[in-house]
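**Student:** Pasting a structure here, questions to come.
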Amino acid sequence: MVARSGGPTLIRYVGRRALQAIPLLIGIVTLIFLILHLAPGDPTAIWFNPSIPPEVLDRMRVNMGVDQPLHVQYVRWVKAFLSGDFGYSYTHFRPVRDVIGDALPNTLLLGGTSLLVIFGVGCAVGSLQAVRQYGPTDSLLTFVTLFLYSMPGFWLGLMLILVASTSLSWLGLPVFGMTSVDHSLLGPLGKITDVAQHLVLPTIALGLASAAGVARYMRGEMLEVIQQDYIRTARAKGLPERTVILRHALRNALIPVVSLLGLYLPLLFGGALVIEVVFSWPGMGRLMYDGILARDYPLVMAASFLFGALVVVGSLIADLLYAFVDPRIRYE
Amino acid sequence: MSKQAPSENRGGQSGFLDIFLPGVSALLAGRLSGFLVLGSWLTLLGVTWFRRARILDLFAHPAWDGILALLSLVVLLVATWLAGNRGSDQLTGSHEAEVGRSPVALAGRRFRRHHQAVLGLALLASLTVVTLLTPILAPFDPDVMNLSTGRLLAPSAAHWMGTDELGRDLLSRVLYGARISLIIGFLAVLIAITLGTLIGSVAGYAGGWVDAILMRIVDLFLSFPRLVLLITVVAVFQPSIPLIVVVLGLTGWMGVSRLVRGQVLSVREREYVQAARALGYGAGRVLGRHILPNVLTPVIVAATLGIGNAILAEAALSFLGLGVQPPTASWGNIIQSGGDRIIDAWWISTFPGLAIVLTVMSFNLVGDGLRDALDPRHVE
């Protein structure tokens, strides 16, 4: 069933693929529920405080619904999560949904710029290596990408902070938070530049290791494509090497790279968690980390669910994108 | 290695000098193995000589890790000597045996021609030796503080990596941290490949709805960022090393199970498997004896790369304070302890990070090399 054009087949494919995401989301909610209930004690044990009288603890149990049988709790839990009701944050004294609503855009911003770096830098470096196969540039970059690929992002972040505050301090790159203290006084353009400057280091720290991974993959893809007959044909036609590489080889090598997107998303959001802590980036990772330290369980569980949901939705988009860029894809 | 027949002695004949300097005749014959054997021998002798006070101390106050270190030193010395005097030309000397010997000679040769992989293996072997000998090598006790005069000293001849905010020697802490990180990595991957092989072979062999359900579980675990899942579990339970190992194992099996399932599906209907089934063998025996040996090589590759990933995940977890708990040193928590003073005491976070990069890179190099060497389609 090979579809050349869009039309009903594509729409049906999109619909079916979207439907597959729902059991995954339910699975994630279930997994979090299991983790929470495998833990010793019930949620009231969080406030392990002997001065709370037992009657109050009992009332708290009723309020939280933990006096109900497990299956009732489970159904309630799934329903609440899928409808976006994550309960009330103990530390922020606000519904978790609102707390997360403030942080989610910041994580998406950081994740978005990092994705640009991952695929932009990764594909550029990988193609450059392939074009210069076995040359000194290739060997050097092979080593560099391997080194970066093995590097923990949080450590790279600390090293960037070190360098940006000492030998590169003349660059004036901020190493902390998302906005400067005088952010509210800046004009609209100044605000954007301010955030952009704060984005630079966390983006590099989050993206560079994965960019190296993409480069390694891209190099292999590009080398394979360059050997194809149609590249020889293009060269035989007398096209300039530039056109052959950029228009004929690169485009075809990029197609399988799109499928890496789904693979790198869990890594991206897991990494965002640590990078946000390193740079005090006010996103979901930072929120989750602070929530753990303060034992704010509703917040932690909601953030955990949303990270999973982001990957599911992201992979869905990646699959659709793949189907879109590769006309040979089978809609099955 | 000790089983090797003398007829395989293709190197230079081992001579009189080899009794004192094993490998020297092979070196004179221009062989890399001679260089390696002689180098290891001299290094080990040097360690024994320069750390003789510490070795005597370990005899005086025996502890399990001290005894293990002493035993390893003796075994390494004997093995190196034997390697030099038997004229073995294997690059994988006996002290590297735990890294794994290739079952196929051809693959072994391809691996040895893969320079990056050989470099990775050499790094891993040195790392393993260093880890075994840590109680002898470490210049200081990693937990002894010096609050009066030893706080936050920059790297110097006495403290090669400097000291931390409690005056503890950083080199010793990084050395002891290596042990924790490597053990956690190895055990976690052991759990992961066992679980992955089990689930993958059941899914592939049973097929049908069992397969469908198991593969949806794989999808589920794949869509959860590993670190987020780890943190969620550790947040609910108390962090401890066994918990970290188990959870790292439980979050690392999906790749292996997909590999194994694919392989089982591809050989399930082959004639020799049908023959085994026709002979009345049970599913366990057919799987274990006839199907799973086929997947051994890709699983080894996945395991090698998996250890690197597990070490990275453990480091991140410990960095967040949710992994290995102080005062036990792990690379992640040393980096964390230096994070607040990264500018005025850069050495605290820098050195353990370099140790992580070097270790993970070695595993990646070996993993890549094995993949290329074990790939039967690989043409040179």
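Readers should treat all values here as calculations from the given coordinates under stated rules, not as data from a laboratory. In this text the structure is predicted, and so the values were computed from the model without any measurement. Backbone-built Cβ (ideal geometry, glycine too); neighbour counts: all protein chains shown.
**Student:** Apply the Karplus parameterisation 6.51 cos²θ - 1.76 cosθ + 1.60, with θ equal to phi minus 60°, to every residue of the range A:30-37 and state each ³J(HN,Hα) to the nearest whole Hz, in sequence, with x for glycine and proline.
**Tutor:** Result, rounded to whole Hz: 4, 4, 5, 4, 4, 4, 5, 8.
**Student:** Rank these for me by crowding, A:230, A:322, going from fewest to most other beta carbons within 10 Å.
**Tutor:** Details: A:230 12, A:322 18.
In increasing order of surrounding Cβ atoms, one gets A:230, A:322.
**Student:** 5 Å is the cut-off here: which amide hydrogens, built 1.01 Å from N in the peptide plane, fall below it relative to residue A:88, excluding neighbours closer than 5 in sequence?
**Tutor:** Residues meeting the amide H criterion: A:96.
**Student:** For chain B, what relative contact order do you get, as a whole percent, if you take Cα pairs closer than 8 Å and at least 6 residues apart? Walk me through the numbers on the way to the answer.
**Tutor:** Working: 543 pairs, mean separation 65.2, N = 380.
RCO, chain B: 17 percent.
**Student:** Give me a single rounded figure for A:153-164: the average over its residues of other chain Cβ atoms within 10 Å of their Cβ.
**Tutor:** 5
**Student:** Can you sort B:346, B:64, B:331, B:160 so the residue with the fewest Cβ neighbours within 10 Å comes first?
**Tutor:** B:64, B:160, B:346, B:331
**Student:** How many partner chain Cβ atoms sit within 10 Å of a residue's Cβ in peptide A:278-287, on average, as a whole number?
**Tutor:** Per residue, the average neighbour count from other chains is 1.
**Student:** Which distance in Å, rounded to a whole number, links the C-alpha centroids of the range B:196-250 and the range A:266-312?
**Tutor:** The range B:196-250 and the range A:266-312 have Cα centres spaced 20 Å from each other.
**Student:** Let me ask something else about it. Taking Cα pairs under 8 Å and at least six residues apart, what relative contact order does the range B:97-223 come out at, in percent? Kindly include the intermediate steps, with their values, before the conclusion.
**Tutor:** Values: 95 pairs, mean separation 18.4, N = 127.
Value for the range B:97-223: 14 percent.
**Student:** Checking the a/c ratio against 1.5 first, then a/b against b/c, what shape does the Cα gyration tensor give for chain A?
**Tutor:** oblate
**Student:** Moving to a separate point now. Ranked by Cβ crowding within 10 angstrom, fewest neighbours first, how are B:124, A:206, B:42 ordered?
**Tutor:** B:42, B:124, A:206
**Student:** Across 10 Å bins from 0, what is the distribution of all Cα-Cα pair distances for the range A:267-314, in whole percents?
**Tutor:** Reading upward from the zero bin: 29, 56, 14.
**Student:** Name the shape class, rounded, prolate or oblate, that the alpha-carbon gyration tensor gives for the range B:120-272, where a ≥ b ≥ c are the square roots of its eigenvalues, rounded holds for a/c under 1.5, and otherwise prolate holds if a/b is larger than b/c and oblate otherwise.
**Tutor:** prolate
**Student:** A further question follows. Hey, could you pull the Cα Rg and Dmax for chain B, both in Å?
**Tutor:** Taking only Cα atoms of chain B, I get Rg and Dmax of 23.6, 77 Å.
**Student:** Shifting gears a bit: Hey, what number do you get for the protein assembly as shown at 222 nm if only DSSP H runs of n ≥ 4 count, each worth -39500 (n - 2.57), divided across all residues, to the nearest 500?
**Tutor:** Helices in the protein assembly as shown give a 222 nm mean residue ellipticity of -22500 deg cm²/dmol.
**Student:** Then there's this: Note down the relative contact order for chain A as a percent, whole number, built from C-alpha pairs under 8 angstrom at least six residues apart.
**Tutor:** 28 percent
**Student:** Right, another one. Across peptide B:129-136, how many C-beta atoms of other chains are within 10 Å of each residue C-beta, on average?
**Tutor:** Shielding by partners across B:129-136 averages 0.
**Student:** Quick check: from the Cα gyration tensor, does the protein assembly as shown come out rounded (a/c under 1.5), prolate or oblate? It would help to have the intermediate numbers written out before the result.
**Tutor:** Working: a/c = 1.42, a/b = 1.18, b/c = 1.20.
Cα axes put the protein assembly as shown in the rounded bin.
**Student:** Taking amide H positions as placed in the peptide plane 1.01 Å from N, state which residues far from residue A:67 in sequence (5 or more) or on other chains have amide H under 5 Å from it.
**Tutor:** none
**Student:** Rounding to the nearest 20 debye, state how big the charge dipole of chain A is about its Cα centre with +1 on each Lys and Arg Cβ and -1 on each Asp and Glu Cβ.
**Tutor:** Roughly 1260 debye, rounded to the nearest 20.
**Student:** 7 Å from Cα along Cα→Cβ at both residue A:147 and residue B:344: what's the point-to-point distance in nm?
**Tutor:** For residue A:147 paired with residue B:344, the spin-label model returns 3.0 nm.
**Student:** What are the ³J(HN,Hα) values, in whole Hz, obtained from phi via the Karplus relation 6.51 cos²θ - 1.76 cosθ + 1.60 with θ = phi - 60°, for each residue of the range B:145-154 in sequence order, with x given for Gly and Pro?
**Tutor:** 9, 9, 7, 7, 10, x, 7, 6, 7, 5
**Student:** Using Cα centres only, tell me the gap between the range B:107-160 and the range A:11-25 in whole Å.
**Tutor:** About 50 Å separates the Cα centre of the range B:107-160 from the one of the range A:11-25.
**Student:** With +1 on each Lys and Arg Cβ and -1 on each Asp and Glu Cβ, how big is the dipole of the protein assembly as shown about its Cα centre, in debye rounded to the nearest 20?
**Tutor:** Dipole about the Cα centre, nearest 20: 2100 debye.
**Student:** Report, in debye and to the nearest 20, how large the dipole of chain B comes out about its Cα centre when Lys and Arg carry +1 and Asp and Glu carry -1 on their Cβ.
**Tutor:** 980 debye
**Student:** For the range B:295-312, in order, what is each residue's ³J(HN,Hα) by Karplus, 6.51 cos²θ - 1.76 cosθ + 1.60 with θ = phi - 60°, in whole Hz (x at glycine and Pro)?
**Tutor:** 9, 3, 5, x, 5, 4, 4, 4, 5, 4, 5, x, 4, x, 5, 5, 5, 4
**Student:** OK, next. Given the options B:157, B:122, B:310, state which has the largest fluctuation in a GNM of chain B using a 10 Å cut-off (strictly under) for Cα springs.
**Tutor:** Between B:157, B:122, B:310, it is B:157 that shows the largest mean-square fluctuation.
**Student:** Running Debye on the range B:234-366 with equal point scatterers at the Cα sites and no solvent, what base-10 log of I(q)/I(0) appears at q = 0.17 Å⁻¹?
**Tutor:** Evaluating at q = 0.17 Å⁻¹ gives log10 I(q)/I(0) of -0.92.
**Student:** For the pair residue B:29/residue B:240, report the inter-label distance in nm, with labels modelled 7 Å from Cα in the Cβ direction.
**Tutor:** Simple spin-label model gives 5.5 nm for this pair.
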